[in-house]
Amino acid sequence: MTTATRQEVLGLYRRIFRLARRWQAASGQMEDTIKEKQYILNEARTLFQKNKDVSRPELTDTDLIKQCIDECTARIEMGLHYQIPYPRPIHLPPTGLTPLRGRGLRTQEKLRKLSKPVYLKSHDEVS
């Protein structure tokens with residue numbers, strides 16, 4: 001990991017913790033605010049711990065690091081915009097993609113994986 005990438009990742013980590021400190025629930029109730037702050041902190045710790053090996057020198061994959069950074073940035077921006085810390089679910093039935101001749105279930109699953117938004121890439125892995 002380059003120094004610039006390391007600084008960007010650490011900056012995102014600090015930004016998340018600052019965001020959690022200032023977070024107010026949309027409902028305005030204190031118990032909701034506390035739960036949402038706790039969710040933000042736990043989610044950040046879990047995902048950063050899970051992805052800490054991505055930056056190891058022998059495993060350096062710049063595309064994967066960039067994807068993780070993009071996901072983190074997208075989740076921060078979506079949380080700020082919609083005032084909810086939880087990832088927005090996508091609603092797509094299991095076989096909801098248009099079937100073409102000879103397209104089986106495996107192809108449907110592959111298309112679903114490819115159509116998953118960037119902010120949900122690691123959500124299913126952690127949850």
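The values are calculated or read from the model by the stated rules, or taken from the named source; none is laboratory data. Nothing here was measured: the structure is a model prediction, and the numbers come from that model. Quick note on the areas: whole protein, heavy atoms, side chains included, nothing else; ligands and nucleic acids left out. Shrake-Rupley method; radii C 1.70, N 1.55, O 1.52, S 1.80 Å.
Leaving ligands, DNA and RNA out of it, rank Thr5, Thr107, Thr33 by accessible area with a 1.4 Å probe, largest first. Could the numbers behind the result be given before it?
Details: Thr5 35, Thr107 60, Thr33 5 Å².
Ranked list, largest accessible area first: Thr107, Thr5, Thr33.
Calculated from the alpha-carbon coordinates, the stretch 1-47 shows an Rg and a Dmax of 13.1, 42 Å respectively.
Put Ile16, Ile34 in order of accessible area, largest first, 1.4 Å probe: what do you get? Let's see the in-between values first.
Values: Ile16 15, Ile34 95 Å².
So, going from the largest accessible area down, we get Ile34, Ile16.
Among Met78, Met30, the order of accessible area from largest down is Met30, Met78, computed with a 1.4 Å probe on protein heavy atoms. With N as its number of residues, the stretch 16-77 has a Cα radius of gyration that, divided by 2.2 N^0.38 Å, comes to 1.37. By a 1.4 Å probe calculation restricted to protein chains, Lys35 has an accessible surface near 130 Å², given to the nearest 10.
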